[in-house]
Amino acid sequence: MSSFIRGLLPSCAVIILGGGVLWAATDGFRAFTEEGARRLNVAENQPALPLLVLEDMNGDELRLGRDGDTADRITLVEFIYTTCPTICQVSGGDYARLRDRLARAGLGDRVRLLSVSFDPLRDRAKEMRGYAENHGADGAIWTIARIRPGDLDLMKRSFGLRVIPDEMRGYQHNAAIHLIDRSGRLVGIFNTGDADEVFDAVQSKL
């Protein structure tokens, strides 16, 4: 074996190994980001969600997923924390516009919007009501809620939600709208600003 070939073999091994890792991380090269892979997995598999118990801004219990309160309505879920100074405020405005569009289409009694806090120890009823007042979420179509602390890890696993603390007592996290059908399955994930795509997806599931 020539010295050239002997020198080439380690490089080939690195390339093959690296390609295998990239193949797994991108779901066969079909999704080139972790978020893309998450959305592709949901679109193809439409996983059934486990029962998740929430507390809304009025102290009432809400149930998502299996045996949840979804028999008569489509549910749209975004994840927030109320002290977020940036993306949560922007997505709140997007959600308000989507709420208004659904109401104008006469779908307010068939679709509900939830903004769910993944910071339940700091986002208590007072904080959730403040966020609701700032964005016009009155509970009729759009409700602010928080996950029970004991179910936080289950919720993150079920949605593929990534929550990373930053250096300012805040978080980096997925900004998206999650569509749950009436059987409690997670069937789609959309950008918060893609109102047309979300609206069309909702109509297709009614």
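Readers should treat all values here as calculations from the given coordinates under stated rules, not as data from a laboratory. Note that the structure is a prediction, hence the values are computed from the model and not measured. Neighbour counts run over all protein chains shown; Cβ positions are idealised from the backbone, glycine included.
Run the quick spin-label model on K205 and I164: label points 7 Å from Cα toward the beta carbon, then report their separation in nm to one decimal.
Calculated label separation equals 2.8 nm.
Could you check the simple spin-label distance between D69 and Q172, using points 7 Å along Cα→Cβ, in nm with one decimal?
3.5 nm
Return the sequence-ordered ³J(HN,Hα) values of the stretch 152-158 in whole Hz as given by the Karplus equation 6.51 cos²θ - 1.76 cosθ + 1.60 applied to θ = phi - 60°, using x for Gly and Pro.
4, 5, 4, 5, 5, 5, 5
For E61 and A103 in the same chain, what is the full-extension length gain: residue separation times 0.36 nm, less their Cα-Cα distance, in nm? Don't skip to the answer; put the middle values down first.
Working: separation 42, 0.36 × 42 = 15.12 nm, distance 2.38 nm.
Extending this stretch completely gives an extra 12.7 nm.
Quickly work out the D194-to-N45 label distance, labels modelled 7 Å from Cα along the C-beta direction, and quote it in nm with one decimal.
Placing both labels 7 Å beyond Cα along the Cβ direction yields 2.0 nm.
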